[in-house]
Amino acid sequence: MAYTGLLNRYRPFLNLPAHTKTVSLLEGDTPLIPMPRLSRELNCELLVKFEGLNPTGSFKDRGMTAAISEALGRGAQTVICASTGNTAASAAAYSARAGLRSIVLIPAGKVAAGKLAGAIAYGAEVIQVQGSFDDALTLVVELTQKTPIALVNSINPFRIEGQKTAAFEICDALLSAPDWLCLPVGNAGNITSYWAGFQQYQKGLPPILGVQAAGSAPLVLGHPVENPETIATAIRIGKPARGEQALEAAQQSGGKIIAASDDEILAAQKILAGEGVWVEPASAAGLAGLLNEVRAGRLDVKGQRVVIVCTGHGLKDPSIITESFLAPRAIQANYDALLAELGL
Ligand code: F0G
């Protein structure tokens, strides 16, 4: 049967109201890509759940199909979110599809180019807030409490319902849950969703390794971070809305939440790209955390099946790459110049 999107595929498992009117861009159904070199190095079976292959380039589309479908069915005309970029692009795309007005608030100057361009291309009204993601989220929460505008951040329970489908897909592909699941943690909606999904699906419960960026690691430090900083701007969040649930998920699953430095995150990004999978920096945090744990001898994954969730595509944040090298060399357009340049 032709694939018709997540809500159709998993509807019996999703707690969505009867008024929900499906809005889909055929999100989900993303591949679990084997990583033979990394697997050899770590002595395990390592697979990447490549969420960058969703319609707007990140996992946010899973929750957004659910949140926008519910909002449309209830008669909402306008939706809003605060975002470090990916939620903004996703909300804008699904709103465009549904014919809704979308407004997105982003932290000024801290959103990667591919995400901002996406939000604008899909027709969102984009507002920069002089402050952090956390400040922007506070504003949209107040606005949605006082007006009929629908909130589509992951505080919206239907976002979590949609995002549970990633756990279902992994279990369907592997016929059971993996031995470990590693993923980045920002506002903590995704780790909450995976844990809820695995619990509901009853194909096993993997320990979850949640990874924050060291400069934005409130769940590791045990207190909010007023001025979060990291090159992984997607997870530049100091007060995660679902922080308590994230800690619970890590603890109940037998996993943990740790931090990785920006350098470690960039190194992990390079390793993944070196095996053909280019992800945005935040999306490499899961691997960075896993490598830290394994190399320090705190985690042994020998012979185990490990799934790394790579949440967004590398194309989302091209400048992190292009600013790290000099412009490619230029030669004259003749064969001898090419041979000389290549040293042949
Ligand atoms: N990875 C990417 C690429 C993200 O964009 C985000 C969050 C996360 C990981 C963390 O997920 O918040 O559920 O813990 N991005 C949000 C946004 C905050 O606005 O796009 P989380």
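Given (1) in a loop (DSSP other than H, G, I, E, B); (2) open to solvent by 50 Å² or more (accessible area, probe 1.4 Å); (3) among the aliphatic types (A, V, I, L, M); (4) touching a helix residue (DSSP H, G or I) at 6+ places or on another chain (Cβ under 8 Å), identify the lone condition not met by Leu344.
Status for Leu344: all satisfied but (4).
Give segment 132-152 a look and list any residue that's open to solvent by 30 Å² or more (accessible area, probe 1.4 Å) and not hydroxyl-bearing (Ser, Thr, Tyr), or say none.
Of everything in segment 132-152, those that are open to solvent by 30 Å² or more (accessible area, probe 1.4 Å) and not hydroxyl-bearing (Ser, Thr, Tyr) turn out to be Asp135, Leu139, Val141, Glu142, Leu143, Gln145, Lys146, Pro148, Ile149, Leu151.
Of the residues Pro55, Pro17, Pro12, only one is of a type outside the set (Val, Ile, Thr), open to solvent by 20 Å² or more (accessible area, probe 1.4 Å), over 17 Å from Ile149 (Cβ atoms) and out of contact with any helix residue (DSSP H, G or I) (no Cβ under 7 Å at 6 or more places or on another chain); which?
Details: Pro55 fails: out of contact with any helix residue (DSSP H, G or I) (no Cβ under 7 Å at 6 or more places or on another chain); Pro17 fails: out of contact with any helix residue (DSSP H, G or I) (no Cβ under 7 Å at 6 or more places or on another chain).
Going through Pro55, Pro17, Pro12 in turn, just one is of a type outside the set (Val, Ile, Thr), open to solvent by 20 Å² or more (accessible area, probe 1.4 Å), over 17 Å from Ile149 (Cβ atoms) and out of contact with any helix residue (DSSP H, G or I) (no Cβ under 7 Å at 6 or more places or on another chain): Pro12.
Within segment 248-260, can you find the residues that are farther than 14 Å from Leu290 by Cβ, open to solvent by 20 Å² or more (accessible area, probe 1.4 Å) and either under 18 Å from the mean Cα position of the chain (by Cα) or not assigned by TED's automatic domain parsing to the domain that holds Leu183 (or both)?
Once the filter is applied, which keeps residues that are farther than 14 Å from Leu290 by Cβ, open to solvent by 20 Å² or more (accessible area, probe 1.4 Å) and either under 18 Å from the mean Cα position of the chain (by Cα) or not assigned by TED's automatic domain parsing to the domain that holds Leu183 (or both), segment 248-260 yields nothing.
Restricting the search to segment 55-97, which residues are in contact with a His (Cβ under 6 Å, 6 or more places away or on another chain) and either near the ligand (Cβ under 10 Å from one of its atoms) or not assigned by TED's automatic domain parsing to the domain that holds Leu151 (or both)?
Of the residues in segment 55-97, the ones in contact with a His (Cβ under 6 Å, 6 or more places away or on another chain) are 57, 73-74.
Passing the criteria: only Gly57.
Would a scan of segment 266-280 turn up a residue that is in contact with a helix residue (DSSP H, G or I) (Cβ under 9 Å, 6 or more places away or on another chain) and open to solvent by 70 Å² or more (accessible area, probe 1.4 Å)?
If we filter segment 266-280 for residues that are in contact with a helix residue (DSSP H, G or I) (Cβ under 9 Å, 6 or more places away or on another chain), which is where we start, we get 266-275, 277-280.
Add one more test, that the residue is open to solvent by 70 Å² or more (accessible area, probe 1.4 Å), and what stays is 270, 278.
Yes, segment 266-280 contains a residue that is in contact with a helix residue (DSSP H, G or I) (Cβ under 9 Å, 6 or more places away or on another chain) and open to solvent by 70 Å² or more (accessible area, probe 1.4 Å).
Is there any pair linking a residue in segment 189-211 that is closer than 18 Å to Asp61 by Cβ to one that is open to solvent by 20 Å² or more (accessible area, probe 1.4 Å) and away from the ligand (no atom under 16 Å from the Cβ), with Cβ under 9 Å and at least six apart or on different chains, and which?
What qualifies is Gly197/Phe13.
Please give the number of the condition Glu142 fails out of (1) part of a loop (DSSP other than H, G, I, E, B); (2) closer than 30 Å to Gly109 by Cβ; (3) more than 16 Å from the ligand (Cβ to nearest atom).
If we test Glu142 against (1) part of a loop (DSSP other than H, G, I, E, B); (2) closer than 30 Å to Gly109 by Cβ; (3) more than 16 Å from the ligand (Cβ to nearest atom), just (1) comes out false.
Which of the strands (runs of 3 or more DSSP E) contained wholly in segment 3-98 include at least 3 residues that are of a type in the set (Ser, Thr, Tyr) and closer than 29 Å to Thr233 by Cβ? Full working, then the answer.
Values: elements: 32-34, 45-50, 78-82.
Answer list for segment 3-98: none.
I'm trying to understand the selection: among the residues of segment 206-247, which are closer than 16 Å to Ile155 by Cβ and of a type in the set (D, E, K, R)?
Once the filter is applied, which keeps residues that are closer than 16 Å to Ile155 by Cβ and of a type in the set (D, E, K, R), segment 206-247 yields Lys239, Arg242, Glu244.
Yes or no: segment 218-240 includes at least one residue that is polar (S, T, N, Q), more than 22 Å from Leu38 (Cβ to Cβ) and near the ligand (Cβ under 10 Å from one of its atoms).
First, the residues of segment 218-240 that are polar (S, T, N, Q): 227, 230, 233.
Among the residues that remain, those that are also more than 22 Å from Leu38 (Cβ to Cβ) are: 227, 230, 233.
The next check asks that each one be near the ligand (Cβ under 10 Å from one of its atoms); those that pass are 233.
The answer is yes, given that some residue of segment 218-240 is polar (S, T, N, Q), more than 22 Å from Leu38 (Cβ to Cβ) and near the ligand (Cβ under 10 Å from one of its atoms).
Can you work out which of the residues in segment 281-335 that are touching a Gly at 6+ places or on another chain (Cβ under 7 Å) and buried (at least 24 other Cβ atoms within 10 Å of the Cβ) is farthest from Ala177 (Cα to Cα)?
Asp317
How do the pairs read when you match residues in segment 61-72 that are free of Cβ contacts under 8 Å to residues at least 60 places away in the same chain with residues anywhere that are surrounded by 24 or more Cβ atoms within 10 Å (Cβ to Cβ) and assigned to a helix (DSSP H, G or I), using Cβ under 7 Å and keeping only pairs 6 or more apart or on different chains?
If the second residue must be surrounded by 24 or more Cβ atoms within 10 Å (Cβ to Cβ) and assigned to a helix (DSSP H, G or I), the pairs left are Asp61/Ser90.
The values are calculated or read from the model by the stated rules, or taken from the named source; none is laboratory data. Because the structure is predicted, anything quoted here is derived from the model rather than measured. Positions of Cβ are backbone-derived with ideal geometry, glycine not excepted, and every protein chain shown enters the neighbour counts. Side chains are part of the model used for accessible areas, which takes the heavy atoms of the whole protein and leaves out ligands, DNA and RNA. Shrake-Rupley method; radii C 1.70, N 1.55, O 1.52, S 1.80 Å.
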